[in-house]
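Notes to accompany the following structure.
Only the coordinates and a few stated rules stand behind these numbers; no lab work does. It should be emphasised that the depicted structure is a prediction, and the values quoted were computed from it without experimental measurement. A quick note on method: Cβ atoms are made from the backbone with ideal geometry, for glycine too, and the neighbour counts reach across all protein chains shown.
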């Protein structure tokens, strides 16, 4: 058992620069102090910054042994593959980490602690296997309770999977916190949970309890915050994950939504399936606002664009164009900061009459004691 | 272990006439030959028919012992409570049944086979604990594959929970089978699974795999059927279960939908929560058709009304009025038969060009060898 705080080796073998390494990238961006090394032999010798644009000097190495030399004392599986299975070639790496006394943290649907071989090894070596996606035992049933909290609740939604919902959530949190606003994040995915330190992987919850679990998380977060930012999941147009998105929407009962989209993406991320075109963003907004209204009306108040595939000028132009198209502030929070979206959240909170402390100019920066 | 076919004692203590005894009522209506007795001491001495309008002379008794005298050799928990927990007073009854050598079948979210006390007793006595809601180990990811089957796929949807989706599915199946149509049912709830003999309780599946599981079930059913009827779950306007409904809709990719509604109901069934008004049926249809179109367009082609709270004349008037309001055939399948809906399904299949064998008048009644 690790008695010192974990310093992770992020396992991303062969996939560090692919889009499914989002757990690795999320940790590097928001919790770099917890990361000692990235394991991907195809990029060994480079830094995280060189590979994915964040993480600074964190080295990319080839083996658990090299990660240990770089200071790692725990292994974190840094991918979130569709289906959530352990890539079979990684089994040997997990065994190696256990043998070195590393705790192992994973966000897979396939729970490592339930794997007979790995669980036996972990028991023998006295290390922990932590499956952050394991759902809680509670079985709450939603009933619109989240619509009644005093806090102003904002949900990030997406035009697809992996479209920046988690990143947007944390970037807006940072911008609001910098203004002294009492803000809380409800993390609903494995990476968000690792960054935030708590939360539930909502996509692993039995379907009947997705909304109820989201509701509980919002109620808890609202106890000590004026703005609650809920990390969204999936997309209403995604054939595989739309149910997760709707359950989360109706459980969290947000007062407003921020729409996240990767500029340049034209097809839904569907794994091996035939291509499905991404709907126009106006349709994505229309669907989300219609679906919200089935339980509690909520509007899209801002757009968060991932412009990482565009040059600097094209990125600015895309934000301007999307802002005009949808009539709300649009920005790339990583590239241009989340100030505009933080202001949109505060303005919407003020219009709603909720979270008056957070929203009023006088209250800003003064915290609870104002 | 029961080596003869099961004859169930349906446990519904104190709740046989309440709406959450739907598993008991479903078995009595569609599998009466499998039922020896109903256990509900508050109605002991009456027949099932007298209590719930189906099940004929099946006796209602007070104890497992009396059910055994009536021929029962297995216990089936006949309720589907919100949250899916074992009512604590029923524990003693389950113990009694195990002691008598009964297999125990349950559709709860709380799996009886995982209950340490009951599992130990069952092991000692050599009886089986069968949790029909336990999800399969597979983790399929949906990808619109169900939209490509040759069969014509119809999903029952509802204005609420417990609004007749399962009943409608089986009544339309019966009417189509009587015409010689090759029809298959995809059961997605605990009662439907017990009646159909197979299926998956879709609301207990981890949320990420709801659509994928529904897709798999449709693909399998379509292999040997021209019409596939998918039992719906929940309702898109229901704050607790909308995610289940949408995942099932996008996984099953139906070509058409039948809208189920209980006449006279004005509020969603929300357990202990504050009342939420039921939306107008035209809104329910609009939401379902809009949501279907996010992945694959489908229209509502018929309405199935539960008019059990109305007199005979009012029931007929309600069907006529709903038919006019929505512009599609409307009927109470239990009261008036499912012929009209079966015809609507066949006509829609013909219009679609799918399932030509089922839809063509020449093909009807001739089966596969035609």
Practice item. Using a 10 Å cut-off on Cβ to Cβ distances, tally the other chain neighbours for every residue of A:196-209 and report the average as a whole number. Key: 6
Check your understanding: Going by the alpha-carbon gyration tensor, a ≥ b ≥ c the square roots of its eigenvalues, is the range A:127-209 rounded (a/c under 1.5) or, if a/c is not under 1.5, prolate (a/b greater than b/c) versus oblate?
Key -> oblate
Check your understanding: Cα centroids of the range B:10-74 and the range A:163-198: how far apart, whole angstrom?
Key -> 53
Check your understanding: Distances from residue B:223 to the same residue in each other copy, label points 7 Å out along Cα→Cβ, in nm, shortest first?
Key -> 5.1
Review point. Of B:92, B:187, B:211, which has the largest mean-square fluctuation in a 10 Å C-alpha GNM of chain B?
Key: B:92
Study note, to complete from the structure: Partner shielding of A:291-304, taken as the mean number of other chain Cβ atoms within 10 Å, equals 2
Check your understanding: Per residue of chain B, what 222 nm ellipticity follows from adding -39500 (n - 2.57) for every DSSP H run with n ≥ 4, rounded to the nearest 500?
Key -> -10500 deg cm²/dmol
Practice item. Nearest 5 is fine: what % of DSSP beta bridges in chain B come out antiparallel, could you say? Key: 5
Review point. Rounded if a/c is under 1.5, else prolate if a/b is larger than b/c, else oblate: which is the range B:8-131, with a ≥ b ≥ c the root eigenvalues of its Cα gyration tensor?
Key: prolate
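Give me the percent of Cα-Cα pairs in the range A:145-359 that sit more than 29 Å apart, rounded to a whole number.
For the range A:145-359, the share of Cα pairs beyond 29 Å comes to 17 percent.
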Exercise for review: Figure the gain on full extension for residue A:178 and residue A:44 (residue separation times 0.36 nm, minus the Cα-Cα span) and round it to one decimal in nm.
Suggested key: 44.6 nm
Practice item. Would you look at the GNM of chain B, springs on alpha carbons closer than 10 Å, and say which of B:91, B:296, B:133 moves the most? Key: B:91
Study note, to complete from the structure: Longest principal axis of chain A (C-alpha) makes with the long axis of helix A:281-293 (C-alpha) an angle, in degrees to the nearest 10, of 80
Study note, to complete from the structure: Averaged over residues of A:136-142, the number of beta carbons from other chains lying within 10 Å of each residue's Cβ is 4
Revision key, fill the gap. Most packed first (mean Cβ within 10 Å per residue), the peptides B:9-16, A:308-315, A:18-25 order as B:9-16, A:18-25, A:308-315
**Study point:** Along principal axes, Cα extents of chain B, largest first, whole Å
**Key:** 57, 47, 47
Check your understanding: How would you classify the protein assembly as shown from its alpha-carbon gyration tensor, with a ≥ b ≥ c the square roots of the eigenvalues: rounded for a/c under 1.5, else prolate if a/b is greater than b/c, otherwise oblate?
Key -> prolate
**Study point:** Highest-MSF residue in chain A out of A:66, A:80, A:255 [GNM, Cα springs under 10 Å]
**Key:** A:66
Practice item. Give me the number: length gained by fully extending residue B:95 to residue B:336, i.e. 0.36 nm times residue separation minus the C-alpha to C-alpha distance, one decimal in nm. Key: 82.6 nm
Review point. With axes computed from alpha carbons, what is the tilt in degrees of helix A:339-352 against the longest principal axis of chain A, rounded to the nearest 10 within 0 to 90?
Key: 50
Review point. What angle, in degrees between 0 and 90 and rounded to the nearest 10, separates the Cα long axis of helix B:242-252 from the longest principal axis of the Cα atoms of chain B?
Key: 60
Review point. Of all DSSP beta bridges in the protein assembly as shown, what percent run antiparallel (nearest 5)?
Key: 5
Exercise for review: Give me the percent of DSSP beta bridges within the range B:1-118 that run antiparallel, rounded to the nearest 5.
Suggested key: 5
